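Contents: one structure, followed by commentary.
Where a number appears in this text, it was derived from the coordinates with a stated rule and is not lab data. A quick note: this is a predicted structure, and the numbers were derived from the prediction, not measured. All Cβ positions, glycine included, derive from the backbone under ideal geometry; neighbour counts span all protein chains shown.
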Amino acid sequence: MEAFLYSAIELFNEKSVKFTLIELATRNKMSKKTIYKLYGDKEKVIELAIMAVFDSIKEEERKIFNRKDLSDMDKLKEYLCVFPSFSINYEYVDDLKHHYPSAYDIIRNRMHADWEGTRVLVEQAIEDKYLQELDFEILRLILLGIYNEIVTLDEEQQRKRLRASIDMIFKGYEIESI
């Protein structure tokens, strides 16, 4: 299924919502009827592909969260810099908003939901005296703003700018060691 959804994301990244299920079927050496039977209509395929992108992020976050070789502060920075194994061309997200609003809602909801892992790591970094007390909701809003801007850059710049942004944010909250 991942290869199929990856090819759906590739087509979306190339053509936005203008790709067809026939193109997707051809790319995957299956019939359009098989797509309908296995995955549903085009809107459902797009939704499943978007969910797969966010699921890949969550899987990477789980791996980082469970690493024993990193300090809680390093885990937090790595956790916040996770990228999906395959990503969406965010220049086309507005097309989703107009043509497939339920798919757009998935993106919005997944970006705004499930910050519990981040909260736990922030609290642990505060408890371990890596960070001073901070308002988590403000941090979350800052991070959402950064993510919304970063996604419009090419992948190399995304990683570089995200890492620099995360480092800059936490530099301001670090507790100076004596």
**Request:** Work through the residues other than LEU48 whose Cβ is under 12 Å from its Cβ and net out their charges, Lys, Arg +1 and Asp, Glu -1.
**Result:** -3
**Asked** How big is the gap, in Å, between the Cα center of the range 104-169 and the Cα center of the range 1-55?
**Response** 29 Å
**Message:** What distance in nm separates the two pseudo spin-label positions at LYS18 and GLU155, each 7 Å out from Cα along the beta-carbon direction?
**Reply:** 2.4 nm
**Asked** Where the only charges are on Cβ atoms (+1 Lys, Arg; -1 Asp, Glu), what is the dipole of the chain about its Cα centre, to the nearest 20 debye?
**Response** 900 debye
**Asked** What full-extension length gain, to one decimal in nm, is calculated for GLN124 and GLU91 as 0.36 nm per residue of separation minus the Cα-Cα distance?
**Response** 8.3 nm
**Prompt:** lysines within cross-link reach of LYS75: Cα-Cα under 19 Å, excluding same-chain residues under 8 positions apart?
**Reply:** LYS58, LYS63, LYS129, LYS160, LYS171
**Residue order, fewest to most surrounding Cβ atoms within 10 angstrom, among GLU149, GLU137** = GLU137, GLU149
**Prompt:** Under DSSP H, which helices of the chain have Cα atoms covering 20 Å or more of the helix axis and a Kyte-Doolittle average no less than -1.0?
**Reply:** 42-65, 136-150
**Complete:** When GLU59, GLU43, GLU133 are ranked with the fewest other C-beta atoms within 10 Å first, the list becomes GLU133, GLU59, GLU43
**Item:** Qualifying lysines (Cα of each under 27 Å from Cα of LYS32; at least 8 residues distant if same chain)
**Value:** LYS15, LYS18, LYS42, LYS44, LYS97
**Complete:** Of MET30, MET73, MET51, the most mobile residue in a GNM of the chain (C-alpha springs, cutoff 10 Å) is MET30
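Go ahead and run the numbers for FRET between GLN132 and GLU2, Cβ-Cβ distance against an R0 of 35 Å, rounding to 0.05.
Here the calculated transfer efficiency is 0.25.
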**Message:** What does the net charge come to around ILE169 if you take all other residues with beta carbon closer than 13 Å to its beta carbon, with K and R at +1 and D and E at -1?
**Reply:** +2
**Complete:** For GLU10, GLU91, ascending order of other Cβ atoms within 10 Å (fewest first) is GLU91, GLU10
**Item:** Förster radius 41 Å - calculated FRET efficiency between THR26 and TYR173, Cβ distance, rounded to 0.05
**Value:** 0.20
**Asked** So what are the three principal axis dimensions of the chain from its Cα atoms, in whole Å, longest to shortest?
**Response** 66, 30, 26
